[in-house]
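A short reminder: the numbers here are calculations on the coordinates, not readings from a lab. Computed from a predicted structure; not experimentally measured. FYI the Cβ positions are ideal-geometry reconstructions off the backbone, even for glycines, and counts take in every protein chain you see.
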Amino acid sequence: MAFVERVFSGVQPTGNLHLGNYLGAIVNFVKLQETHNCIYCVVDMHAITQGVDVWGGPAELARNTREVTAAFIASGIDPKKHIVFNQSQVAGHAELAWIFNCVARIGWLNRMTQFKEKAGKDRENASVGLYDYPVLMAADILLYRATHVPVGEDQKQHLELSRDIAQKFNNDFGDSIRGHGIADGLFFPLPEPLITGPATRVMSLRDGTKKMSKSEPSDNSRINLTDDADTIAQKIRKAKTDPEPLPSEEKGLETRPEADNLVGIYAALAGIGKQEVLKEFGGGQFSNFKNALVDVCIAKLSPIAAEMKRLVADPGHVDQILVDGANRARTIADETMRAAKDVVGFIRQR
Ligand code: AMP
Ligand code: TRP
């Protein structure tokens, strides 16, 4: 079947949206609106896969769901032209995930590094949902037959699994798919990851070898989208560096993770390449560069933080955006689910 190009991506409402989420994902979400039909999902069902102590309980989940929605909109996502909704409002995600549970193999899931990281040493005590997380993610994407998925570098392996699931479904049900009128036997597209820009993996401000993350205990390790100007300035001034001046060539960043990270952040925020950043700041001291970084960071993030604040102050309005988005998402999802049920052999009302 010929697939129309469609973009899908998701962000978990687990608190502390940070510069990594913004540069690795949201900036690309915004840009893709110009060229594609886009669906952006607040994945609240993924958010509850770790212990309730991690996701914070019902009130916190609802608050975070509205906050991610506000971040999308404040960053420039247009919920009227595209679709913004929270996952749990469209039943098809869970339904398709069940079919995919029976397509995906345990051996495939056993290779997922994110599960190993998140489950830690006490794997017996991890939730079944955490283990199954990448299967739900495949369902998110394929429920809309999305062809392109903008994500940060850390989601690459999950995207490969989504492709494997799509391919195995197409193979396992090939005859039935053709029997239902899809002559080429391709029921699902193989979704392509879009991992682009100079900041696909933003690192911690305290340790250039660790990813910037929502769950890192030290708040100084990340810049949150809701940080005020003074906090941003303080965190950047305190950020770890090395004693050398900045290099003039990108090659000089190779063994200097902290410098590489800060240059990458600057490049991404300013919308230029790392080489251009080094042309301007190479040979100079970190302090000058950090001052410039503070300026560009505040210039980009402050208006977003202000708009987020305005939006979350009106939860009724945000909820209405999510309901409206879910209604439109459901129209597409229901069509896929009806066809998928026919292909699998599930009887349904006609
Ligand atoms: P999550 O908060 O785990 O739902 O992630 C939402 C999006 O942000 C995904 O596309 C991630 O790949 C991306 N992301 C998360 N952390 C980082 C980071 N440190 N650098 C770049 N992208 C990131
Ligand atoms: N697993 C993604 C993350 O942690 C979030 C996510 C869930 C997602 N479903 C998705 C991303 C579908 C892209 C497409 O970042």
Exercise. From the list V27, V43, V68, which residue is out of contact with any helix residue (DSSP H, G or I) (no Cβ under 8 Å at 6 or more places or on another chain) and under 22 Å from S213 (Cβ atoms)?
Worked result: V68
Exercise. Within segment 14-22, is there a residue that is away from ligand 1 (no atom under 11 Å from the Cβ), assigned to a loop (DSSP other than H, G, I, E, B) and surrounded by fewer than 19 Cβ atoms within 10 Å (Cβ to Cβ)?
Worked result: no
For this session: Determine whether L96 is in a helix (DSSP H, G or I) and away from ligand 1 (no atom under 16 Å from the Cβ).
Result: yes
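Residue-wise test of (1) within 12 Å of ligand 2 (Cβ to nearest atom); (2) of a type in the set (K, R); (3) surrounded by 23 or more Cβ atoms within 10 Å (Cβ to Cβ).
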position: C38; (1), (2), (3): yes, no, yes
position: H46; (1), (2), (3): yes, no, yes
position: T49; (1), (2), (3): yes, no, no
position: A59; (1), (2), (3): no, no, no
position: F72; (1), (2), (3): no, no, yes
position: D78; (1), (2), (3): no, no, no
position: F85; (1), (2), (3): no, no, yes
position: S88; (1), (2), (3): no, no, no
position: E95; (1), (2), (3): no, no, no
Seminar exercise, completed: When every residue in segment 123-153 that is in contact with a helix residue (DSSP H, G or I) (Cβ under 7 Å, 6 or more places away or on another chain) and in a loop (DSSP other than H, G, I, E, B) is compared, the one nearest to ligand 2 (Cβ to nearest atom) is V151
Exercise. What are the residues in segment 261-294 that are surrounded by 17 or more Cβ atoms within 10 Å (Cβ to Cβ), of a type outside the set (V, I, T) and within 24 Å of K31 (Cα to Cα), if any?
Worked result: N261, L262, G264, Y266, A267, A268, L269, A270, K274, L293
Exercise. Considering D184, D122, D140, which residue is more than 13 Å from ligand 1 (Cβ to nearest atom) and under 18 Å from V4 (Cα atoms)?
Worked result: D184
Problem set entry | segment 166-197, subset surrounded by 18 or more Cβ atoms within 10 Å (Cβ to Cβ) and of a type outside the set (A, V, I, L, M, F, W, C), residue nearest to the chain's Cα centre (by Cα) | P193
